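The values are calculated or read from the model by the stated rules, or taken from the named source; none is laboratory data. The model shown is predicted, which means the values in this text are computed figures rather than measured ones. All Cβ positions, glycine included, derive from the backbone under ideal geometry; neighbour counts span all protein chains shown. Just so you know, the surface numbers come from the protein's heavy atoms only, side chains and all, with ligands and any DNA or RNA stripped out. Shrake-Rupley method; radii C 1.70, N 1.55, O 1.52, S 1.80 Å.
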2 protein chains.
Amino acid sequence: MKPTVGLIGLGLMGGPMGRNLLRAGFPLVVWNRTKAKADELVREGAKLAADPRGVAEQADVLITIVSDPAALEEVLFGAKDAGKSSGALDGLRRGSTLIESSTVSPELARRVAAACAERGVDFLDAPVTGGTWGAQKGELVFMIGGKAEVLERVKPVLEAVGKKFLLLGPNGAGQTVKLGMNLLLALQVDAFAEALALVTSAGVPAEKLMEVLQSSMARSGVLDVKAPMMVKGEFPASFPLRLMHKDVRLALELARDKGVTLPCGAAAYATYSSVLNASKDDPDFSAVARFWKR
Amino acid sequence: MKPTVGLIGLGLMGGPMGRNLLRAGFPLVVWNRTKAKADELVREGAKLAADPRGVAEQADVLITIVSDPAALEEVLFGAKDAGKSSGALDGLRRGSTLIESSTVSPELARRVAAACAERGVDFLDAPVTGGTWGAQKGELVFMIGGKAEVLERVKPVLEAVGKKFLLLGPNGAGQTVKLGMNLLLALQVDAFAEALALVTSAGVPAEKLMEVLQSSMARSGVLDVKAPMMVKGEFPASFPLRLMHKDVRLALELARDKGVTLPCGAAAYATYSSVLNASKDDPDFSAVARFWKR
């Protein structure tokens, strides 16, 4: 019999992950802060729990994928002034596994790992990459911190939603690499935006720059995926700017803790902040290009 | 009969270009500031001129590829206090063509274009990409500003040294796009160095970061070509840091002229400057990673 999977967070990533878990035949229990987002999954066979704790109580494997550290602390530790905690941690059974796929600090990941260990619960920090497209296709890449034997045990569950499961070190290592990757992506997109602003301000059309870059060492995934939208000035959210802004902040906080200076990281964070504050919509992070359009 | 080609500048790029021009059967006249660098080409059949003007006087097509704007001004305009100018411009015959392949400002390119026009000389700004490897294989990509009919006329010469000839706009457009491209490359390399410093400072080996990046949208030419050397801490010069430093400066100067701010460009320039000042060797620009090793 397949293990029961709990899923907390049904946003751009969690929603499609839930659908793929159902398709693969896993009994699924879900919870989401905005209840309406659970409706479709419930129609497709998922059970809705009353609170995060209710999900955890029924789960052999619990996956959390929420938008930021504050949301994760709330669903795991519960409202602090409540009598009986509504948090998922207090619902997890001994011998169950928590797979934490939100992007948070390595320090928070290790704090959750310690709380799990106290309860006899296995823990993996396992943030993902691949975007909404990867989530829909079930082709996410997982960056994992934790023990190999725990990963082996939950692999059948992860294989319903992902295609690569990279074990990077002990708990926290998954989050560390994810922050490094998103720092790099944020900087690559900002770098293209700066080059674009420079060249077009000097009177050369963006298309000419693109043509040259595709023939050079400057070619990149960002150039293939993000640059065409940036040239058009269209920014439908694949990975929202507000989340990338949060991830760059987490990267800068980790760097500060380790005594590392990130001059470009800091400069880009200011640029992303400026665009986030000025944007009235909820654009993709490639909307950083708007910085040069005002 | 093939046109006589003049070549001024026999460095990492110009040297192999000269060799390919000889192999393609073009009569070749050369000059270089450091005379010894001409020896091998002369043995292979090139004629050595006494000064830049001497090259220009014999050339149907003159190619200049020197290290920076100051060197270019010197070879084109000649020593200012001399009686008879030794500069190439005064040697160029009416109806000849100057192909300027150094990386300089668009403004200097247009100034040279104007000086050529006064003398009835055609002009293309045509900086290159492809590195020393591309120069050796004759597979350079040319970014060209100028007239299509001039490009058509000199294409047989360019085809001896390059494989792509992208006409990007009027004079200056080639340099504009080149500065945009090198700004982007400098930022991509710096961005990888920052992500590498972050992840390794937090205890995760560089190889783990690389493995994840190759599976993500963060994949890039820089990741393929430069990152493996940066992880090893080895920086043999393919494109020297001192030249990239100069190109980022030119990009920032162009941005200032156009009223464009480049926050990451400025931050990266400071980082490259710091490493350039501290380096006792002549490393590749990927040595910016040394910033985090001290």
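Among the residues of region A:131-152, none is identified as open to solvent by less than 10 Å² (accessible area, probe 1.4 Å), over 25 Å from A:Leu185 (Cα atoms) and either of a type in the set (Lys, Arg) or within 14 Å of chain B (Cβ to nearest Cβ) (or both). From the list B:Leu62, B:Leu48, the lone residue that is crowded, with 18+ Cβ neighbours inside 10 Å and either in contact with a Cys (Cβ under 9 Å, 6 or more places away or on another chain) or within 22 Å of B:Leu158 (Cα to Cα) (or both) is B:Leu62.
A single member of B:Lys164, B:Lys155, B:Lys178 is open to solvent by 10 Å² or more (accessible area, probe 1.4 Å), closer than 24 Å to B:Pro16 by Cα, facing chain A (nearest Cβ under 7 Å) and charged (D, E, K, R), and it is B:Lys164. Restricting attention to region A:8-39 and to residues that are under 20 Å from the mean Cα position of the chain (by Cα) and among the small types (Gly, Ala, Ser), the residue that is surrounded by the most Cβ atoms within 10 Å (Cβ to Cβ) turns out to be A:Gly18. Residues in region B:272-294 that are of a type in the set (Phe, Trp, Tyr) and either away from every other protein chain (no Cβ under 14 Å) or in contact with a His (Cβ under 7 Å, 6 or more places away or on another chain) (or both): B:Tyr272 only. Taking the criterion of being open to solvent by less than 50 Å² (accessible area, probe 1.4 Å), over 21 Å from B:Ile144 (Cβ atoms) and assigned to a loop (DSSP other than H, G, I, E, B), the residues of region B:80-107 that qualify are B:Ala82, B:Ser85, B:Ser86, B:Gly87. Being open to solvent by less than 50 Å² (accessible area, probe 1.4 Å), more than 23 Å from the chain's Cα centre (by Cα), more than 15 Å from A:Gly174 (Cα to Cα) and within 7 Å of chain A (Cβ to nearest Cβ) is the filter here, so list the residues in region B:209-238 that pass it. Scanning region B:209-238 gives B:Met217, B:Ala218. Name the residues in region A:25-54 that are basic (Lys, Arg), closer than 19 Å to A:Ser67 by Cβ and either in contact with an Asp or Glu (Cβ under 7 Å, 6 or more places away or on another chain) or outside any helix (DSSP H, G or I) (or both), would you? A:Arg33 - this is the single residue of region A:25-54 that is basic (Lys, Arg), closer than 19 Å to A:Ser67 by Cβ and either in contact with an Asp or Glu (Cβ under 7 Å, 6 or more places away or on another chain) or outside any helix (DSSP H, G or I) (or both). When A:Val5, A:Val112, A:Val42 are checked against the criterion of being open to solvent by 10 Å² or more (accessible area, probe 1.4 Å) and β-branched (Val, Ile, Thr), A:Val42 stands alone in meeting it. None of A:Phe77, A:Phe123 is farther than 17 Å from A:Leu243 by Cα and touching a residue at least 40 places away in the same chain (Cβ under 8 Å) except A:Phe123. When B:Ala197, B:Ala206, B:Ala193 are screened for being modelled with pLDDT of 95 or more and surrounded by 24 or more Cβ atoms within 10 Å (Cβ to Cβ), only B:Ala193 passes. Of the residues making up region A:116-141, those that are closer than 23 Å to A:Arg93 by Cβ and touching a Phe, Trp or Tyr at 6+ places or on another chain (Cβ under 9 Å) are A:Cys116, A:Ala117, A:Leu124, A:Ala126. Put simply, of B:Val189, B:Val128 the only residue that is within 30 Å of A:Gly172 (Cβ to Cβ) and either of a type outside the set (S, T, N, Q) or at the interface with chain A (Cβ under 8 Å from one of its Cβ atoms) (or both) is B:Val189. A single member of B:Gln188, B:Gln136, B:Gln175 is within 30 Å of A:Met181 (Cα to Cα) and not aliphatic (A, V, I, L, M), and it is B:Gln188.
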